[in-house]
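S.K.: This is the structure I have questions about; it appears just below.
The values are calculated or read from the model by the stated rules, or taken from the named source; none is laboratory data. Note that the structure is predicted; figures quoted are calculated from it, not measured. For neighbour counting, all protein chains shown are included, and Cβ atoms are generated from backbone atoms with ideal geometry for every residue, glycine included. To get the accessible areas, we keep the full protein, side chains included, count just its heavy atoms, and leave off ligands, DNA and RNA. Shrake-Rupley method; radii C 1.70, N 1.55, O 1.52, S 1.80 Å.
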Amino acid sequence: VTVLEEQQETVCQMYGLMETYAVPAPAEDFALYATLRASVAAMQSAVDRSVEERDANVDRFCGCLRKDIVELNQEVKTVKQKAQVRESWRGLPPNSAVPRLKGNVDAMRDKLPVITDLHNPCLKPRHWEALERVVDASLTDEPLSLTVLERLDVFSHAAEIQEVVLTIAQMMWCRDLEGCLEGDHNHFEALQEFEITNFERLNVLAALVRGPLPSLHRNIITALITVDVHARDIVTDLIHQKVDSSSDFEWQRQLRYYWDLEQDNCIAAMALSTYVYGYEYLGACPRLVITPLTPGFMVMKAAHDISSLMSRPSNMNLDSWEDE
C-alpha cells in the first residue's frame, strides 16, 4: 500500500506540472487521472476492513474445523462398532435359516411361470383337456393351489405346459388380429391399435428376460419373443399394405393358427391350404430369427395343392381326395 501511495503522489505531481505548463495530453488520460485518488482510497478502505475482520474470520474457521473433527470422530466410532458386531457374528454357530429361505424363494421363482400360465384367462375347456393329458391328471376337479399342483406333480411338466401355452398364444394372436379386420368398426384403426399392443407385449417379455430366470424359462421366453417379433412384423407390414379386411391376400398368405370346432383340433392355415397341427414337442430349444421366407415352404405347398386340384378330372370326388 505504501508503494502505491508513493506512485500516486508521483503521478499527481506529473499531471500538476502538465497543467501548469499547459502540456497537451489526450482527454482520456485526464479522465483516467480523475479516478485515481478515488480508487486508491477505496483500496485503502478494503485493506482496513480486512484487517479488522481478520480475527473474526480466523475464529469462525477454527470453529468449523472443530465441528468437522467431532463429526469425523463420530463416524470413525460408528465404523469401529460395526466392525466389532461383524466380528462377534463370526463366532456364533452357523445359521441355516437364511440359506433355507433363499432355497425356498428360488424354488418358488421356478414355479411362477407355470402358475402364471395356468391362470391365463384365455384358456378354454379344450385347452384344459390338453393340459390334463400332459400331466395325466384332472386339473378341474378342485381349485388349483400350490399344494394341489405339487401333489399332482404339475411342475415336472413345466416345459410341456409352456409348449401348449405357446400354441394357445399363437391362436389367440390370430383371433385378435382377425377381430381387428372384421366387425362393425374401422378395421384399419383397430389394426394400428393392435400394433401398439404387440409392442407393449414385447416390452413386457423383454423386461422378464433381463431379470434372473432359470435356464429353461429363459429359453422358453426367448423363443416366445422370437415368435412375437415375427407377429409384430406381420402387423406392421399389414399396416403398410393398408390391409382392412381378413380376406385380403396379404393376410391370407400368412401362417395362421385356428381351433376348428368340427375337428375339435388345432389347424394351421395358409392361403387355401389347411393342416392339422401335429403338436410337435420341440422343447425349449433356441429358435432362429423368423423371416418372411420362413413359411415359404407353406406357400409352395399351397401352390402345389392348387395345381393338383386343377389337374384332377372334373368328375372326381373332391371329398375323397381331401381324405387321402
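S.K.: Charges at C-beta only: +1 for Lys and Arg, -1 for Asp and Glu. How large is the resulting dipole of region 191-250 about its Cα centre, in Debye rounded to 20?
M.R.: The calculated dipole for region 191-250 is roughly 480 debye.
S.K.: Using protein chains only and a probe of 1.4 angstrom, how many square angstrom of Ile239 are accessible, to the nearest 10?
M.R.: That residue has around 20 Å² of solvent-accessible surface.
S.K.: Shape verdict for region 1-64, please, from the Cα gyration tensor: rounded (a/c under 1.5), prolate (a/b greater than b/c) or oblate.
M.R.: Taking the square roots of the gyration eigenvalues as a ≥ b ≥ c, region 1-64 is prolate.
S.K.: Students often check this: by mean Cβ neighbours within 10 Å, which of 272-278, 18-24, 44-50, 167-173 ranks highest, and how do the rest follow?
M.R.: By packing density, highest mean first, the sequence is 167-173, 272-278, 44-50, 18-24.
S.K.: What are the ³J(HN,Hα) values, in whole Hz, obtained from phi via the Karplus relation 6.51 cos²θ - 1.76 cosθ + 1.60 with θ = phi - 60°, for each residue of region 237-248 in sequence order, with x given for Gly and Pro?
M.R.: Calculated HN-Hα couplings, in order: 5, 5, 5, 5, 7, 6, 6, 9, 8, 6, 8, 5 Hz.
S.K.: By a straight-distance test (C-alpha under 20 Å), which aspartates and glutamates pair with Lys77 as possible cross-link partners, with residues fewer than eight away in the same chain excluded?
M.R.: Hits, sequence-local ones excluded: Asp68, Glu87.
S.K.: With all protein chains present, how much of the accessible area of region 223-263 (probe radius 1.4 Å) comes from carbon and sulfur, to the nearest whole percent?
M.R.: Carbon plus sulfur share of accessible area: 48 percent.
S.K.: Taking a probe of 1.4 Å, how large is the accessible area per residue of region 1-61, in Å²?
M.R.: Per-residue accessible area for region 1-61 comes out at 81 Å².
S.K.: Mind ranking Phe199, Phe249, Phe194, Phe155 by accessible surface for me, highest first, 1.4 Å probe?
M.R.: Phe249, Phe199, Phe155, Phe194
S.K.: So how do Glu163, Glu75 rank on accessible area, 1.4 Å probe, biggest first, that is with the largest at the start?
M.R.: The residues order as Glu75, Glu163, largest area first.
S.K.: Using +1 on the beta carbon of Lys and Arg, -1 on that of Asp and Glu, and nothing else charged, what's the dipole of region 144-269 about the Cα centre, debye to 20?
M.R.: 620
S.K.: A follow-up question, please. How much accessible area does His187 have with a 1.4 Å probe, in Å² rounded to the nearest 10?
M.R.: Answer for His187: close to 40 Å² accessible.
S.K.: Accessible area per residue, 1.4 Å probe, Å², for region 165-260: what's the number?
M.R.: 50
S.K.: For Asp184, Asp136, give me the order by solvent-accessible area with a 1.4 Å probe, most accessible first, ignoring ligands, DNA and RNA.
M.R.: Largest accessible area first, the residues go Asp184, Asp136.
S.K.: Further, regarding this structure: Any idea of Lys111's accessible area? Nearest 10 Å², probe 1.4 Å.
M.R.: The accessible area comes out at roughly 50 Å².
S.K.: Gain in length, Thr222 to Thr236, computed as 0.36 nm per residue apart minus the alpha-carbon separation, to one decimal in nm?
M.R.: 2.9 nm
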